[in-house]
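FYI, it's all coordinate maths here, none of it is from the lab. Predicted model, so just to flag it, every value in this text is computed and none were measured. All Cβ positions, glycine included, derive from the backbone under ideal geometry; neighbour counts span all protein chains shown.
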Amino acid sequence: MGSIQLDDLQMERGYTRWKAYSQSKLALLLFTRELARRSREAGWRILAAAVHPGYARTSLISSSFGEASLFNLLHRTVGAHLSHTAEQGALPTLYAATDPGIQAGGLYGPTGWLGLVGDPGEVPIAPKGRDTEMGRLLWERSEQLTGVEWPKA
């Protein structure tokens, strides 16, 4: 859902919580895939893969919108039927950490309805998440912001 604003990664202009959340999730995926690519090029044996929990019932919604918000009411009623427990949301992470078939640069999460719930497994990556040029640019911008550079092979 997100987009990367390389000239405003900290969202000092036009901040909204969901825009920031969406940008951060896309950035994590692009960054992970770029780490996998750089590791492969350097001959390092780092297995970098991205994971998402799906729609897990946590306090994210209520703490973001408030207990009395309409969005939180929908989350507690309709969302209860479209989501899974926080414990089930942790399963994709455990899967990615332990399954010997995990692929570097892959994305793992629930494989059920709309990727919100279900057993963990590899899930498709949207075109924005496969943008290798944006991944490279994001990595370089991160190096500039942190003053830390990836070691040369």
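Just a few scattered comments:
- For the stretch 19-153, the residue among S22, Q144, A49 whose Cα projects farthest onto the positive side of the dipole built from Cβ charges is Q144.
- Nonlocal amide H pairs with R57, under 5 Å, H built at 1.01 Å: H84, T85, A86
- Net charge in the neighbourhood of G109 (other residues with Cβ under 14 Å of its Cβ; Lys, Arg +1, Asp, Glu -1) is -2.
- Rh (Kirkwood; distinct C-alpha pairs) - the stretch 26-151, Å: 16.2 Å
- Residue with peak Gaussian network fluctuation, the chain [Cα springs, cutoff 10 Å], from S83, S24, S69: S69
- Whichever aspartates and glutamates have a C-alpha closer than 15 Å to that of K128, once near sequence neighbours (fewer than 8 apart) are set aside: E34
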